[in-house]
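Reviewing the structure listed below.
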Amino acid sequence: MSEQGVVVYADDALFAPSQALAERLGWPLLALPALSAESPQAFFLCYRDACLKLLDKQTLKKGGLAVDVDPRPGEQHSYPAPKKDLLAQAIGKKTKTVVDATTGWAQDSLALFRMGYDVQCIERSPVMAELIRDGFQRLAQKDWVQSRQLQRPALMVGNAIELLARLPDAPDCIYLDPMFPPKRKQTAATRKSMAILREILGDDLDRADLFAAAWQATGKRVVVKSPDYAEPLGGKPSESYQGKLLRYDVYLK
Ligand SMILES: C[S@@+](CC[C@H](N)C(=O)[O-])C[C@H]1O[C@@H](n2cnc3c(N)ncnc32)[C@H](O)[C@@H]1O
């Protein structure tokens, strides 16, 4: 894992939060104009467009990736959103509490939150944790969240293999979406957000141990999202929900 980058700021008004962020991560802090194109670091964090963004050299001047807290295209905007897609079927309609042990860009956590599940999140990458925290702060400001007095998902930062063993209450479901090695060279269709995550974090080689920890800690089920070509992580699943390029394997206790 090569999580060394630079925090950059383009605007003096954002110096203080940028400095605090750089201190938390132990990263250098630089003003954007001071950054040379030959900078040895490949990744940058910057407060831009009212959110925290992860940048690479192409997006340094403009753009970047943030945790997107709005519904996905095609998703209903009502709350709670209907539990009708494959993810909801795998998680189970009667499930109430879900721990997402591999939060990443939080797109699955947020979809579950919008469906009304009680979601707790775990992420071990300090960089991703900063991006998630920023996203959840923006989520908490949304009208639909405030008017219903919904609590944003809690975020625990650390290795889920250890944190799951210390949960005070067993959740109904533990959800896992670790990084699997790509089968073939990544295509343009691979979402940029996932490609950049792979570049920074690499594959999650301890995913078998993560499954074992989740199986121990769950109250009722473990759900694993995996690419269609990968072997089921926990052996033969109780149920599987097959999508176009991915699969949700469900293990019932
Ligand atoms: C493929 S991404 C998850 C994407 C996520 N489902 C989404 O919707 O954006 C995997 C993430 O899980 C995290 N992760 C993997 N193993 C972990 C572990 N043992 N403990 C905590 N986080 C872990 C990685 O750091 C990475 O951010």
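Below is a table of values for the structure above.
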| quantity | calculated |
| --- | --- |
| Mean shadow area of the range 6-55 over all directions, Cα convex hull, nm² | 3.3 nm² |
| Max mean-square fluctuation residue, GNM over the chain, Cα-Cα springs under 10 Å, options L29, L21, L205 | L205 |
| Förster-model FRET efficiency, 45 Å R0, Q242 and A50, C-beta, rounded to 0.05 | 0.70 |
| Residues of type lysines that K57 reaches as a straight line, Cα spacing below 17 Å, ignoring anything fewer than 8 places off in the same chain | K192 |
| Ratio of Rg to Rh over the chain (Cα coordinates, Kirkwood Rh, two decimals) | 0.97 |
| Principal-axis tilt of helix 15-25 within the chain, Cα atoms, nearest 10 degrees | 50 degrees |
| Cross-link partners of K53 among aspartates and glutamates (Cα-Cα below 20 Å; sequence separation of 8 or more within a chain) | E3, D11, D12, E23, D68, D70, D108, E123, E130, D134, E199 |
| ³J(HN,Hα) computed for each position of the range 136-148 - Karplus, 6.51 cos²θ - 1.76 cosθ + 1.60, integer Hz, glycine/proline x | 5, 5, 5, 4, 5, 8, 5, 4, 5, 7, 5, 5, 9 |
| Note, ³J(HN,Hα) from phi for the range 101-106, Karplus 6.51, -1.76, 1.60, rounded to Hz, x at Gly and Pro | 7, 9, 5, x, 7, 6 |
| Beta bridges per DSSP with both ends in the chain, % antiparallel, nearest 5 | 45 percent |
| Amide H partners (placed H, <5 Å) of K53, local residues excluded | C46, Y47, R48 |
| Amide N of the range 80-111 lying under 16 Å from the label point, which is placed 7 angstrom from the Cα of E162 along Cα→Cβ | none |
| Nearest 10 degrees, 0 to 90: helix 207-217 Cα axis against the chain principal axis | 60 degrees |
| Helical mean residue ellipticity (222 nm; -39500 (n - 2.57) per DSSP H run of 4+; nearest 500) of the chain | -7500 deg cm²/dmol |
| Stretchable slack from H77 to A42, in nm (0.36 nm times residue separation minus alpha-carbon distance) | 9.0 nm |
| Environment charge at D100 (Cβ cut-off 10 Å; Lys +1, Arg +1, Asp -1, Glu -1) | -3 |
| Built amide H within the under 5 Å cut-off of V6, gap 5+ | F43, F44, L45 |
| Surrounding net charge for G219, when Lys and Arg each add one and Asp and Glu each subtract one, Cβ distance under 13 Å | +2 |
| Qualifying trypsin sites (Lys or Arg not before Pro) in the range 136-213, DSSP loop, other Cβ atoms within 10 Å at most 16 | K142, R148, K183, R184, K185, R191 |
| Lys/Arg +1, Asp/Glu -1 at C-beta; the chain dipole; positive extreme among V67, A213, G234 | G234 |
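Bear in mind that the values in this text are calculations on the coordinates, not laboratory data. None of these values were measured; they are calculated from a predicted model. Glycine gets a Cβ as well: all are built from the backbone with ideal geometry, and neighbour counts include every protein chain shown.
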